[in-house]
Amino acid sequence: MAPPQGSRAPLEFGGPLGAAALLLLLPATMFHLLLVARSGPARLLGPPPYLPGPEALWSPRALLLWLAWLGLQAALYLLPARKVAEGQELKDKSRLRYPINGFQALMLTALLVGLGVSAGLPLGALPEMLLPLAFAATLTAFIFSLFLYVKALLAPASALAPGGNSGNPIYDFFLGRELNPRICFFDFKYFCELRPGLIGWVLINLALLVQEAELRGSPSLAMWLVNGFQLLYVGDALWHEEAVLTTMDIIHDGFGFMLAFGDLAWVPFTYSLQAQFLLYHPQALGLPMASVICLINATGYYIFRGANSQKNTFRKNPSDPRVADLETIATATGRQLLVSGWWGMVRHPNYLGDLIMALAWSLPCGVSHLLPYFYLLYFTALLVHREARDERQCQQKYGLAWHEYCRRVPYRIVPYIY
Ligand SMILES: NC(=O)C1=CN([C@@H]2O[C@H](COP(=O)(O)OP(=O)(O)OC[C@H]3O[C@@H](n4cnc5c(N)ncnc54)[C@H](OP(=O)(O)O)[C@@H]3O)[C@@H](O)[C@H]2O)C=CC1
Ligand SMILES: CC(C)=CCC[C@@H](C)[C@H]1CC=C2C3=C(CC[C@@]21C)[C@@]1(C)CC[C@H](O)C(C)(C)[C@@H]1CC3
C-alpha cells in the first residue's frame, strides 16, 4: 500500500470541511438548477418550485440508459485511433500513451443517434428524463469515486497526485488521490474529461431543440444559437483533443469526486442550462441582435483557440515557425515562458476567450432572468480560482522567471482590469 504523499501540499477548497460541503453542495446545486429551469418564475436565487420525491429521481430505465451511454462511449474510446499521443513526462520519467479518437467518437455518436431517430427513437422525450438521468449520473460518480479512492490505495507512490493525498479520507476522496488511474490502456480521467459528459451535453441540447420543434413547430433562433455555439465548443475540444494533455486537470489534479462528478454529471446537466431554460421560456430574438451575439462568440472563440493553440504549439516544439518569432523568458527548468503574442497580453488569454464565449451563450436567453447567466457566474468564479491555483504552481515551478513574467505581463485575465 502506498503511504500518503504530499501531506505538506497546501489544502485547497477550504480543506476537509470545504470538501465535505462541496460533496453535498455541487449535486444540490445541479438539481436546483434542473428544477428551476423548468419552473415558470425560473428564479436562480429563489427556492426550488418543489422537492422531487424518490419516484421523480429514481428510474431503472434512466439508469440503464445512462449505463448504456457510458458503455457506448467506452466502446468508441477503444476503437482504433488515428493517432496515439504521448502525455507529459511523469515523476518516474515515463510518459503515458493516449488514443486520439474523440472527434471520431463524436461523429460516430452523431451517426448512431441519426440512425436511431430515423428508426423512431424519440429523442424529444429525453428532456423529460433529465432529472432521473442526472440522479443516475450522480450515483455513478459517487460509486466510481469510491472505486478510484480504493484503487489508489494499491497504487505506487509515484502514481499519486501532488494534492489529494492529505490523509483525510473526505478531502482525498473529493480531490482524488491517483493522478492517472488506468486499467491497461483505458485512462479513466482522460476518458471522462472529454467523452460521456461533453458529448452528452450536446446530445441533451439537441434533444431540447427537437422537443422545442415538436412543441412550437420549429426551433427558435435563440435555441439554434445556443446549440450551434456549444456544439462548436465541444467539437473544438474533441478536434484538439491532444491539447487536453497539457491542462491542469490531466497534469496536476488527481482523479476523485470533483472531476468525476464534474465530468459525468455537472457538465452535461448544468452546461445545458441555457437550452433547458429556452425550452420552457421561449425568447424572441431578432436578426440584428443574433448577429451581434454571433460576433461576440466568434471573438471569444478566436481568442480562446488562438491562445490555446499558441501555447500547445510552443510546448510541443518551440522552434515551430508559427511561434519561433515570439519573445520568451528562460526558466531554470529549461522550459521557456512566452511573453509576447497572446500570452503577452494577459497571463490567461485562453480564460478570457472562454469567458467571452460564456457571455455569448447566455445572451440569446434575454436579460429578463438571471438563471441563464448561471454558467457565466460559476465559470468566472471557477476560472479566477483556477488562475490562483495555477499561479501558485507556476511560482513553485519557475520561481524568479515567473516573477519576471508577472512583472512583464501584469494582468491575469482581463487587460487593464484584472
Ligand atoms: N469550460 C469549462 O468548464 C472549463 C474550461 N477550461 C478551459 O481549459 C483550458 C485549459 O485551462 P487550464 O488547464 O486551466 O490552464 P492553461 O491551459 O492556461 O494552462 C496553464 C499552464 O500553461 C503554462 N503557461 C502559463 N503561462 C505560460 C506562458 N506565458 N508561456 C507558456 N506556457 C505558459 C503553464 O504550464 P507549463 O509551463 O507547465 O506548460 C501553466 O501551468 C482553458 O482554455 C480554459 O478556459 C478550464 C476549466 C473549465
Ligand atoms: C464545479 C465542479 C464540479 C467543478 C469541476 C470542474 C470541471 C467541470 C471542469 C474542470 C476542467 C474542465 C475542462 C473542461 C470541461 C469542464 C471541466 C471538466 C473542458 C473539457 C471543456 C472543453 C475545453 O475545450 C477544454 C478541453 C479546454 C476543457 C478542459 C478543462
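The values are calculated or read from the model by the stated rules, or taken from the named source; none is laboratory data. For clarity, every value in this text was computed on a predicted model and none was experimentally measured. For neighbour counting, all protein chains shown are included, and Cβ atoms are generated from backbone atoms with ideal geometry for every residue, glycine included.
Here are some notes:
- The one condition from (1) touching a Phe, Trp or Tyr at 6+ places or on another chain (Cβ under 8 Å); (2) surrounded by 13 or more Cβ atoms within 10 Å (Cβ to Cβ) that G18 does not meet is (1).
- Scanning the range 183-209 for residues that are closer than 23 Å to G366 by Cα and either modelled with pLDDT under 95 or under 14 Å from the mean Cα position of the chain (by Cα) (or both) returns W201, V202.
Rundown of residues vs (1) of a type in the set (A, V, I, L, M); (2) at pLDDT 95 or above, yes/no style:
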| residue | (1), (2) |
| --- | --- |
| V226 | yes, yes |
| V234 | yes, yes |
| T247 | no, no |
| G254 | no, no |
| L259 | yes, yes |
| W266 | no, yes |
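- Some residue of the range 89-99 being in the same structural domain as T29 (by TED's automatic domain parsing) and in a helix (DSSP H, G or I): no
- Restricting the range 241-258 to residues that are of a type in the set (A, V, I, L, M, F, W, C) and touching a Ser or Thr at 6+ places or on another chain (Cβ under 9 Å) leaves a set whose member that is farthest from ligand 1 (Cβ to nearest atom) is F257.
- Yes/no for G176 being more than 19 Å from the chain's Cα centre (by Cα) and in the same structural domain as A20 (by TED's automatic domain parsing): no
- When residues of the range 255-288 are limited to those that are within 15 Å of the chain's Cα centre (by Cα) and assigned to a loop (DSSP other than H, G, I, E, B), the one nearest to E212 (Cα to Cα): S272
- Top-ranked residue in the range 328-356 [being aliphatic (A, V, I, L, M) and not in a helix (DSSP H, G or I); ranked as farthest from L400 (Cα to Cα)]: M345
- L383 being under 30 Å from R43 (Cβ atoms) and within 16 Å of ligand 2 (Cβ to nearest atom): yes
- Residue count for the range 135-181, restricted to those that are at pLDDT 90 or above and among the polar types (S, T, N, Q): 5
- Taking the criterion of being over 14 Å from L112 (Cβ atoms) and away from ligand 1 (no atom under 16 Å from the Cβ), the residues of the range 190-210 that qualify are F191, A207, L208, L209, V210.
- Condition met for L215 (surrounded by fewer than 24 Cβ atoms within 10 Å (Cβ to Cβ), of a type in the set (A, V, I, L, M, F, W, C) and either part of a loop (DSSP other than H, G, I, E, B) or within 16 Å of ligand 2 (Cβ to nearest atom) (or both)): no
- Taking every residue in the range 402-415 that is closer than 25 Å to G334 by Cα and pairing it with any residue that is in a helix (DSSP H, G or I) and within 11 Å of ligand 1 (Cβ to nearest atom), at least 6 positions away or on another chain, the pairs with Cβ-Cβ distances below 7 Å are W402/C394; W402/Q395; V409/G344; R412/E387.
- Of the listed requirements (1) at pLDDT below 95; (2) assigned to a helix (DSSP H, G or I), S319 misses just one: (2).
- When A307 is tested against (1) within 17 Å of the chain's Cα centre (by Cα); (2) surrounded by 17 or more Cβ atoms within 10 Å (Cβ to Cβ); (3) not acidic (D, E), exactly one condition is not met: (1).
- No other residue among F304, F277, F257 is in the same structural domain as G200 (by TED's automatic domain parsing), within 16 Å of ligand 2 (Cβ to nearest atom) and hydrophobic (A, V, I, L, M, F, W, C) apart from F257.
- Looking only at the range 47-70, residues that are surrounded by 12 or more Cβ atoms within 10 Å (Cβ to Cβ) and either out of contact with any Leu (no Cβ under 7 Å at 6 or more places or on another chain) or assigned to a helix (DSSP H, G or I) (or both) come to 11 in all.
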